[in-house]
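Report on the following structure.
None of the figures in this text is laboratory data; all of them are computed from the coordinates on show. None of these values were measured; they are calculated from a predicted model. Backbone-built Cβ (ideal geometry, glycine too); neighbour counts: all protein chains shown.
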């Protein structure tokens, strides 16, 4: 297994967490911090195995939890549920179709904040929600709907450039026997 795509995925998650938590101008302007992590989890769930998905979700969730006032696990559980749901149905999802990537990004970008909000409402933390919450969910979904195909394009391009070359397939089939002569 080539570990370079996995390393680049973890690097992208780290950069996404950094941008989401450190640039307060975006938070002040939009009223929320746009998160690229659901789109990266969709890519990880459709491209990698369970240990990589679990590592990405654990790394992203603990990174976000350590930089937020929420308890540990509030970011981890919704992202884990997203990764598990997509990985379980990976064979049914049209990974190479752009409309599937857009809808998966929209669903992931809406599901993760909504599930996090649900976890916050059943905890002992006070939750402030209203009409602005709908705007934030819509923006998060649309942001990830745009970001998900871009993430796939960037990682596929990096895989072509930096990954192992694809084997050339021959038209000769070794299980065929050619019988020459008359019968």
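Descriptive notes on the structure:
- Separation of the stretch 121-183 from the stretch 84-102 is 7 Å, based on Cα centroids.
- The chain: angle of helix 4-22 to the longest principal axis, Cα-based, in degrees nearest 10: 20
- With Cα atoms, 0 to 90° folded angle of helix 76-88 axis to the chain main axis: 30
- Mean residue ellipticity at 222 nm, helices only, the chain: -23000 deg cm²/dmol; runs of at least 4 DSSP H residues each add -39,500 (n - 2.57), and the sum is divided by the number of residues.
- Once the Kirkwood radius over Cα pairs is known for the chain, the Stokes-Einstein relation at 4 °C and 1.567 mPa s delivers a diffusion coefficient of 72 µm²/s.
- Mean separation of Cα contacts under 8 Å (6+ apart) over length of the chain, as relative contact order %: 25
- Listed from fewest to most Cβ neighbours within 10 Å, the set 175, 96 follows the order 175, 96.
- Exposure proxy for 49, 140: other Cβ atoms within 10 Å of each Cβ, ordered fewest to most, give 49, 140.
- With respect to the chain, whose longest principal axis is taken over its alpha-carbon atoms, helix 37-47 is tilted by about 20°.
- Three-way shape label, the stretch 90-134, alpha-carbon gyration tensor, a/c 1.5: oblate
- Cβ-to-Cβ counts within 10 Å put 98, 24 in ascending order as 24, 98, the fewest first.
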